[in-house]
Amino acid sequence: MNQTPVCTAADAIYRLAAGNLKYLNAESGHGDISRRVRLATWAKGQSPYAIIVTCSDSRVIPESIFSAGIGELFVIRLAGNVIDDQQLGSIEYAAGHLGCRLVVVLGHTHCGAVDAAIHYEPEGYIKYITDEIKKAIGDEKDPYKASCRNVRHSVQEIEKSLCIHHMEEETGLRVVGAMYHIEDGSVEFL
């Protein structure tokens, strides 16, 4: 296990907020995707400063939202940003082996998965996602409030992991929720 964090959870939140501010005023991307960085991460490996668990929605691009480049964010994407064993394993890997000290569950406004959980009874494998979201949101019908509840539920699911819980106590790992506002590009930490 890597015991040397890339940066503290508080420093990571600051970097994310500063990156989002750049994004709000940008016309093009700001993250470093240069050949130099590609070669450095190939030779020395990755050292992301934050783990972002977010939705697969094509309008939600964490590297752009936080003005991050190659090797800066460890991104896990799944429709509705729901948590299961595979996501927990990925989070444990990034926290334990890469030294990340911040996990952000990033929900977003106008989420199709949350809308489906509120208004429809999907079939097939989509039902696994909407059933998890329904557990999180209960009888909430307001899309924004439901999305926030869904984020908080995912944060709680991550914190139930004994490995994650141990890392919170021993290394200062933090798990926080946030909402990305598609309509204006801002990120609100919950």
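The values are calculated or read from the model by the stated rules, or taken from the named source; none is laboratory data. Quantities reported herein were computed from a predicted structural model and do not represent experimental measurements. Cβ placement follows ideal geometry from the backbone for every residue including glycine, while neighbour counts extend to all protein chains displayed. Heavy atoms of the whole protein, side chains included, go into the accessibility calculation; ligands, DNA and RNA do not. Shrake-Rupley method; radii C 1.70, N 1.55, O 1.52, S 1.80 Å.
Values computed for the structure shown
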read-out: Within a Gaussian network of the chain (alpha carbon springs, distance under 10 Å), most fluctuating of 24, 16, 39; value: 39
read-out: Under DSSP loop assignment and at most 14 Cβ neighbours within 10 Å, longest trypsin sites (Lys or Arg not before Pro)-free interval of the chain; value: 60-140
read-out: Bridge type composition, the chain - antiparallel percent by DSSP, nearest 5; value: 15 percent
read-out: Gained length - residue 90 relative to residue 110, 0.36 nm times residue gap less alpha-carbon distance; value: 4.6 nm
read-out: Max mean-square fluctuation residue, GNM over the chain, Cα-Cα springs under 10 Å, options 79, 18, 68; value: 18
read-out: Estimated inter-spin distance, residue 119 and residue 182, nm [label 7 Å along Cα→Cβ]; value: 1.1 nm
read-out: Local electrostatic count at residue 153 - Lys and Arg +1, Asp and Glu -1, tallied over other residues with Cβ under 13 Å; value: 0
read-out: Length-normalised contact order of the chain in % [C-alpha pairs under 8 Å, at least 6 apart]; value: 26 percent
read-out: Accessible area expressed per residue, segment 9-189, with surrounding protein chains retained (probe 1.4 Å, Å²); value: 51 Å²
read-out: Within the accessible area of the chain (1.4 Å probe), percent carbon and sulfur; value: 53 percent
read-out: Net lengthening on full extension, residue 17/residue 189 (0.36 nm per residue, minus Cα-Cα); value: 61.0 nm
read-out: Anchor residue 134: lysines whose Cα lies under 17 Å away (excluding residues fewer than 8 positions away in-chain); value: 145
read-out: Solvent-accessible surface (1.4 angstrom probe) belonging to residue 54, in square angstrom, nearest 10; value: 0 Å²
read-out: Gain in span if fully extended, residue 61 to residue 152, counting 0.36 nm per residue against the direct Cα distance; value: 30.7 nm
read-out: Positive minus negative residues near residue 105 (Lys, Arg vs Asp, Glu; Cβ under 11 Å); value: -1
